[in-house]
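The structure appears right after this line, and notes come after that.
The values are calculated or read from the model by the stated rules, or taken from the named source; none is laboratory data. Source: prediction; values computed, not measured. A quick note on method: Cβ atoms are made from the backbone with ideal geometry, for glycine too, and the neighbour counts reach across all protein chains shown.
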Amino acid sequence: MRSVNLAILLGIALAGTAAGQGLTPRQQLGKLLFFDQALSAQGNQSCASCHDPKAGWVGGDDAINRAGGVYEASVPGRFGNRKPPSAAYATPAPRFRLADAVKGEFVGGNFWDGRATGEKLGLAAADQAQGPFLNPLEQALPDAKALVAKVCDGSHGALFREVWGAKACDDVEQAYGFIGLAIAAYEDSREVNQYSSKYDAFLAGRTPLTPEERQGLQLFETKGKCAVCHPHKRDLMGQPPVFTDWGYDNIGVPANPANPFYTNSSANPKGKTWVDEGLGGFLAETAQWKQYAQQSLGKHRTPTLRNVDLRPSAGLVKCYGHNGYFKSLKEVVHFYNTRGTVPACSAAGQKQGVDCWPKPEVEANLNTTDLGALGLTDAEENAIVAFLKTLSDGFEAPKAGGAQAARPGR
């Protein structure tokens with residue numbers, strides 16, 4: 001793809017963002033590719049298999065979320081090592097870069113470890129969209145040629161050529177790039193990035209927050225320190241917040257013993273001794289940033305909080321953290337509040353989150369400034385959770401004299 005004018009490709013891919021809820025031809029192509037299970041080794045897994053719109057564009061399988069939070073590949077028995085991040089609100093991510101050479105701080109990129117840098121296609125989300133197709137622990141196609149053949153020779157071939165040109169399939173690497181850019185164009189549409197939550201309606205003056213939600217917002221800004229990494233106000237251009245600063249932190253998440261990757265011997269020869277090094281692991285494999293690897297061990301990208309509670313039914317469990325360790329928003333907030341105030345769990349009978357927390361998976365580079373010993377009461381934790389629930393897309397402000405309604409996010 002380096003021989004292609006990336007700026008032109010990116011402009012073509014993201015030009016003409018959908019007006020209202022309509023999709024441009026490029027976005028429609030991206031949508032078809034996003035939901036097509038045929039674009040996998042066994043014809044049984046699409047992007048949506050791990051990024052369910054009804055669950056906020058993350059994994060929507062209750063049984064999986066209650067356990068390891070990691071989804072099975074197209075090839076049965078293969079598992080990755082992290083829970084799926086949100087496919088929504090991924091396109092605003094800037095290209096991966098070193099933001100502070102003195103502190104060794106990075107921003108931007110997609111994936112939990114930032115490895116979809118945007119260097120290849122000019123957009124981090126487009127680089128990310130290419131990855132799962134060829135990952136043996138995800139859609140597991142053997143190479144880009146196989147993917148391009150499925151797209152160009154299949155039911156999407158005509159639209160693919162209409163969008164990218166009659167010769168779009170002639171060069172495999174170029175066509176592979178077009179696939180990533182098309183999916184990113186769809187992810188950039190208002191069908192995915194809706195900005196239609198109750199909080200958006202509140203910012204627009206269309207609906208009030210309840211007293212508990214308003215208290216949660218105030219705590220989010222102050223005592224809870226949430227806004228430090230999850231900015232919640234419109235930017236200088238008036239754009240709505242994405243609720244992430246695109247940075248990386250080690251917040252001390254414990255290892256998830258239910259992660260099936262520990263027993264995936266073909267992909268993980270280290271077995272139960274494997275440690276997720278996060279950003280540091282990615283940087284160690286680069287020539288440009290290898291020197292920052294040690295001070296980045298255990299760090300993962302700050303996720304967007306949009307749709308953090310969106311689910312198709314109240315009973316569906318969603319998991320949180322890069323490894324799905326936490327099973328509720330309350331648990332996450334309580335961890336942020338109390339990490340470091342109780343000892344590491346070491347004895348049977350200790351109550352996790354009350355008497356102890358398990359030790360961090362990576363104890364180096366812990367963020368000790370923005371979480372731990374926050375001093376929140378139980379009611380204040382609940383208020384923050386109530387505020388987080390206002391970030392789900394699909395809210396409809398109540399009409400005069402009517403009851404509040406919410407439509408499912410698409």
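Scanning segment 204-220 for residues that are part of a helix (DSSP H, G or I) and either surrounded by fewer than 13 Cβ atoms within 10 Å (Cβ to Cβ) or among the hydroxyl-bearing types (Ser, Thr, Tyr) (or both) returns a single hit, 211.
I'd like to know if segment 345-362 contains one or more residues that are buried (at least 16 other Cβ atoms within 10 Å of the Cβ) and of a type in the set (A, V, I, L, M). Yes; the residues of segment 345-362 include at least one that is buried (at least 16 other Cβ atoms within 10 Å of the Cβ) and of a type in the set (A, V, I, L, M).
Taken over segment 1-51, residues that are among the β-branched types (Val, Ile, Thr) and at pLDDT 95 or above amount to 1.
Pairs meeting the criteria (first residue in segment 253-276 and modelled with pLDDT of 95 or more, second residue of a type in the set (Val, Ile, Thr) and in a loop (DSSP other than H, G, I, E, B), beta carbons under 8 Å, at least 6 apart or on different chains) are 255/275; 259/70; 260/70; 261/70; 275/362; 276/362.
Residues that are outside any loop (DSSP other than H, G, I, E, B), of a type outside the set (Ser, Thr, Tyr) and touching a residue at least 60 places away in the same chain (Cβ under 8 Å) within segment 224-249 comprise 226, 228, 249, listed in sequence order. Scanning segment 354-385 for residues that are part of a loop (DSSP other than H, G, I, E, B) and farther than 28 Å from residue 281 by Cβ returns 354, 355, 373, 374, 375, 376, 377. Does residue 324 count as closer than 28 Å to residue 231 by Cβ and either part of a helix (DSSP H, G or I) or in contact with a Ser or Thr (Cβ under 7 Å, 6 or more places away or on another chain) (or both)? Judged against the criteria, residue 324 is not a match. If you take the residues of segment 165-178 that are without any contact (Cβ under 8 Å) to a residue 24 or more places away in the chain and aliphatic (A, V, I, L, M), which of them is surrounded by the most Cβ atoms within 10 Å (Cβ to Cβ)? The selected residue is 168. Among residues of segment 44-58 that are in contact (Cβ under 8 Å) with a residue 12 or more places away in the chain, those with a beta-carbon under 8 Å from a residue that is small (Gly, Ala, Ser) and part of a helix (DSSP H, G or I) at least six positions away or on a different chain give the pairs 47/129. Answer yes or no: is there a residue in segment 271-288 that is more than 21 Å from residue 255 (Cβ to Cβ) and basic (Lys, Arg). No.
Answer yes or no: is there a residue in segment 176-198 that is touching a Phe, Trp or Tyr at 6+ places or on another chain (Cβ under 7 Å) and of a type in the set (Lys, Arg). For segment 176-198, residues touching a Phe, Trp or Tyr at 6+ places or on another chain (Cβ under 7 Å) and of a type in the set (Lys, Arg): present. In segment 179-203, which residue that is buried (at least 24 other Cβ atoms within 10 Å of the Cβ) and of a type in the set (Phe, Trp, Tyr) is nearest to residue 131 (Cα to Cα)? Out of the qualifying residues, it is 186.
Considering segment 283-312, and only residues there that are in a loop (DSSP other than H, G, I, E, B) and charged (D, E, K, R), the residue that is farthest from residue 93 (Cα to Cα) turns out to be 311.
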